[in-house]
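I have placed the structure first, in the form of structure tokens, so that the comments after it can refer back to it.
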Amino acid sequence: MSQELSERLNAETVRIRIFLGVIVVAFFFLVGVLWRQQIVRSKEHQSSESRQSVRRVRLPAVRGVIEDRYGRCLARNRPSYCVAIFVEELRQRGRLSHTIDAVEAVVERLSMALGLPPEVNRDDIARHLQARLPIPFIAWRGVDNKALARWLEGGAVEAGVDVYVEPVREYPQGALMGHILGYVGRAEPPSDGQKYHYYVPEMQGKSGVEKTFDDVLCGASGGQLLRVDASGFRHDVLAMKPPTEGHSVRLSVDVEIQRAVEESIKGERAALVILSPENGDVLAMASAPSFDPNLFCPSISHDNWNRLNTDANKPLFNRAVGGIYPPGSTFKPVVALAAITSGRAEAGQVVDCIGYYELGKMRLRCWHKSGHGPIAMRKAIEQSCNTYFCALGVLCGYDHIYHMARSIGFGERTGIELPGERSGLLPNDAWKRRVYKDRWRPGDTCNLSIGQGALSVTPLQMGMYMVALANGGTVYRPRLVLDGSRDGEVLSRLSWSPAALSVVRNGMYDVVQAPNGTGKYARVPGIEMAGKTGTAEYGSRTHRRKHTWMTVYFPFHRPRYAVALVVEDGLSGGRTCAPRIKALVSRILEIEQARREGTTFAEGRG
Amino acid sequence: MSWARTLRLLKRLHWVMLIPILLALGVGVFFIYSSCYISHELPVQSFYKKQGVWIGLGFLFYFTAALYDYRRLGRWSWVLYGGSLILLVLVLIAGKQMYGARRWLMIPGTGFGVQPSELAKLATLVFLAYLLSLPELDLSRFSVFVALLGVVALPLVLVLKQPDLGTSVVFVPPALIMMYIAGVPLRYVGTLVMIGLVVVLLTLTAIILPDRLELDESTRETIQRVIPLTEYQQDRVAVLLWPDRDPLGAGWNKNQSMIAVGSGGMMGKGYLQGTQNILGFLPRLVAPTDFIYSVIAEEMGFVGGVFVIVLFLVIMVLGLQVAAATPDRMGRLLCVGVVAMLFCHVWINIAMTVGVMPITGLPLPLLSYGGSFVLTTLAALGIVQSVYIRSPRRIFG
């Protein structure tokens, strides 16, 4: 080997070594980068990996059912079939409008195949794409069976389209108990801090028991962690927390009695409450006019909503708990109880009714223009003599009447499990000074004694008052939802003197049962009732209008029902309300009869 | 060639070098399976089997190249070179168009295709080694340098015409490395490298600045025309500088590859468990080919990633050892050329999957799925064996 070649080879070997060095350095650089990516920034990459592939889905819980006291269904869920388009799967390259085109085309094809007119337009699609892209786009809600059959036959198979079932609230009793049950609407997105990629809206109670017992009925929503692939398809489920179905709620209401009640006040602006004197259970509660809660399922139309809200008769308004009316003569037994219990008067107190009660220069007229003549307390209740009760009120003093009324529950909310309850107003000196900047005067006592003036009550309070009279002084909180216990919640046990209770009860007995009682039109053969009518005037002097009342409890001995009825703008308690009470009581007796014979729902199941 | 002679030559084979090669090929088959088993398409699912067939065929090439005297190959290299140039011209005329490029020459009736650029790569390398080893050639002369560049430039231009930026990138560096080692003055090679770097820098500036300076449209268009890259290639470069620029478009592959590699961590997610690959974020089309390293790094982590790098490093060290131990200049230049080509492929491919190089369609030797490339890589490595077999052994070396 020549010297020159050998030198050349050695020089080359050196350069080969240099090259080797370059290779090693270059590879070390790669190892360094690898270290940085896989070790130093590992967490960061892992989180972006899960961010792009893991989706949180909220699984709404099925709402609990509502039943009546015997387990008859009042509110449940029915499956509603929706056609959903998974927009991600129709994603087109380039502009968003291409994707909108694709979705629109799918909607058109489906419309032909399913025989359904399109319910969404291009704007809906665009809005969905901008704000809610990862959520399936609902093209049709509540698809009928015919279209569903066409779908199942495979006539409308499209990529990225699927049918899914959505529970929709249903009220099988129709318009019955609209005010008690209330209705549901779309819930606001939850603010529990959990972020959901796909938010599926849930139903939330917006009124009635649906609202007050929402947290019981709604259950607990579940969640799903989905892993999706690069095109947005579901790959697998990483974690799943199934939703828990809502608990059922059992109401104290008896559907059959409720139906009778609603029948009896149909066509009026009225409210009727039936409570159980044994425990304060609400056996029925109605307000007319009413509404069908099914109108709100799955969502209420604009027209219906406007109609319900602009109707002068306010069908959405629950008069039974939210309506406040002067009680008129139905309040008189309170005065009798106060006067005797306080010792200011005896049960045998007699007043001479000359057609009016004279208080200073004022004359307060009795409805009997020529006067009842000398009249005793029992008769005064039967005949609803204003003169007698003005005199008795003044004799007793407003303080005792006030406290008696207060102890029965007037002037404050009963605390029933319904939204929108009002307290009414039980006026006293402090109230008068605050509002009228004037002291309490005997004239105010007279007004109070005949249930007029500033005094206002709700039909439910009147029902509570009847409960106390019927059971001899136990004030129960009206109970709408059964919690399993048979006893109601006792608010107070009033110690009325037997003499007072007896004269009031007998007077009220005569109201219905005596030949000339003011409530004689309520009389039902075969049952003894106690009651009191009332006709409360309101409005301006030139344009007097009357709210008419009748409150009863029956049977007279061992009462099972306490009823309060108010009809707005009636003629008088005796003429407007008493016949309705008669119809209602007859119907309730028929129901009881049928139950005893076992032809209808047996009580034993409840 | 007699059987006895064949046997004698095989006995002299560098068997140790076969170990890392076989390991790399095995790893490749396993991860081609991993990246394809999830696919819904049957042909894709069986890629790993096809790769096995290609490897078998590749070893035929390997041993043929090993047994064939490389010196004779050198004498015929101009025919090889010329032939590959003709094929490169042919592919531009009659090649199968895929994704906007003509890279494949279909063999009629078989459904198989070959990439002439792969052959051209090897042919140019052999031809260059032959030329550089000619004793009568004065390498220090500038005109010789220019002529050698011409030899490289001819196939390069044809490959760029396809266009196949990835393959063309690996033409120049091995050629320059061979020239440098053969003794072309560093000032020539270095100047060329410098010029290259300046062009790259200017291009980068031209891509970056219009955005930064908020130039108007017409100025931008003028700049666009001057830049030697297509708009598509510019996007690839731009996403490297701003990863968030176009995450669903040009940046997708790069970002997803980085996420795949990075989320692998130290030990990886486990074989067949790479979610980036399973869920298709790493596009199915390129996972078994250009992004096989991402799949490995995701499923085997840093440990697996470094293992693959070490395998390549061992092959290259052994290859350069053969080069250094061979007194024959053409033999050693061939070895250097093969190692340099391998190095360029490996380094650029891994660098792009970990996010430090722009994405170019460049497979990872021995691991990526792809017939032509397996064949050329094994043939090239066979040439190293051919050189080793025929080099005189020193007792201690």
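Summary of computed values
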| read-out | value |
| --- | --- |
| Residue under evaluation A:C396, criteria (1) surrounded by fewer than 20 Cβ atoms within 10 Å (Cβ to Cβ); (2) in contact (Cβ under 8 Å) with a residue 24 or more places away in the chain, criterion not met | (1) |
| Failed condition for B:I195, given (1) assigned to a loop (DSSP other than H, G, I, E, B); (2) away from chain A (no Cβ under 14 Å); (3) of a type outside the set (D, E) | (1) |
| Filtered residue count, the range A:257-277, keeping only those that are in a strand (DSSP E or B) and closer than 15 Å to A:M177 by Cβ | 4 |
| Where A:V54 falls short, out of the listed (1) more than 9 Å from chain B (Cβ to nearest Cβ); (2) modelled with pLDDT under 85; (3) over 49 Å from the mean Cα position of the chain (by Cα) | (3) |
| Test: residue in the range A:36-49 that is among the hydrophobic types (A, V, I, L, M, F, W, C) and either facing another protein chain (nearest Cβ under 7 Å) or buried (at least 16 other Cβ atoms within 10 Å of the Cβ) (or both) | yes |
| The listed residue being surrounded by fewer than 24 Cβ atoms within 10 Å (Cβ to Cβ), under 28 Å from A:V249 (Cβ atoms) and touching a residue at least 40 places away in the same chain (Cβ under 8 Å), out of A:S485, A:S497, A:S502, A:S492 | A:S492 |
| Residues of the range A:321-348 satisfying the condition of being under 19 Å from the mean Cα position of the chain (by Cα) and either assigned to a loop (DSSP other than H, G, I, E, B) or assigned by TED's automatic domain parsing to the domain that holds A:L181 (or both) | A:G323, A:I324 |
| Qualifying residues in the range B:127-169 (those that are part of a loop (DSSP other than H, G, I, E, B) and away from every other protein chain (no Cβ under 14 Å)) - the one modelled with the highest pLDDT | B:R141 |
| Candidates B:V295, B:V306, B:V261, filtered to the one that is under 21 Å from B:P20 (Cβ atoms), at pLDDT 90 or above and facing another protein chain (nearest Cβ under 10 Å) | B:V306 |
| Criterion: facing another protein chain (nearest Cβ under 8 Å) and either surrounded by fewer than 19 Cβ atoms within 10 Å (Cβ to Cβ) or not acidic (D, E) (or both) - qualifying residue of A:F19, A:F86, A:F29 | A:F19 |
| Candidates A:A113, A:A61, A:A75, A:A84, filtered to the one that is assigned to a strand (DSSP E or B), farther than 26 Å from A:A230 by Cβ and touching a residue at least 40 places away in the same chain (Cβ under 8 Å) | A:A75 |
| Some residue of the range B:273-291 being of a type in the set (A, V, I, L, M, F, W, C), out of contact with any Gly (no Cβ under 9 Å at 6 or more places or on another chain), within 19 Å of B:G166 (Cβ to Cβ) and modelled with pLDDT of 90 or more | yes |
| Residue in the range A:508-529 that is modelled with pLDDT under 95, in the same structural domain as A:A405 (by TED's automatic domain parsing), among the hydroxyl-bearing types (S, T, Y) and within 26 Å of A:N279 (Cβ to Cβ) present | no |
| Which numbered condition A:E158 fails, given (1) among the charged types (D, E, K, R); (2) modelled with pLDDT of 80 or more; (3) assigned to a loop (DSSP other than H, G, I, E, B) | (2) |
| Pairs, first assigned to a helix (DSSP H, G or I) in the range B:34-55, second among the basic types (K, R), C-beta under 9 Å, six or more apart | B:S35/B:R284; B:C36/B:R284; B:P43/B:K50; B:V44/B:R284 |
| Close pairs (6 angstrom Cβ cut-off, 6 or more residues apart or separate chains): within 11 Å of chain A (Cβ to nearest Cβ) and at negative phi in the range B:348-373, crowded, with 21+ Cβ neighbours inside 10 Å and among the basic types (K, R) anywhere | none |
| Conditions (1) buried (at least 22 other Cβ atoms within 10 Å of the Cβ); (2) within 14 Å of another protein chain (Cβ to nearest Cβ): number failed by B:G183 | (1) |
| Count of the range A:193-213 residues which are modelled with pLDDT under 90 and more than 30 Å from A:V83 (Cβ to Cβ) | 1 |
| Residue list for the range B:323-338, filter: touching a residue at least 40 places away in the same chain (Cβ under 8 Å) and either surrounded by fewer than 24 Cβ atoms within 10 Å (Cβ to Cβ) or facing chain A (nearest Cβ under 10 Å) (or both) | B:A323, B:A325, B:T326, B:P327, B:D328, B:R329, B:M330, B:R332, B:L333, B:C335, B:V336 |
| Meets criteria (within 14 Å of chain A (Cβ to nearest Cβ), farther than 15 Å from B:G337 by Cα and surrounded by 15 or more Cβ atoms within 10 Å (Cβ to Cβ)) for B:V189 | yes |
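The values are calculated or read from the model by the stated rules, or taken from the named source; none is laboratory data. Predicted model, so just to flag it, every value in this text is computed and none were measured. For neighbour counting, all protein chains shown are included, and Cβ atoms are generated from backbone atoms with ideal geometry for every residue, glycine included.
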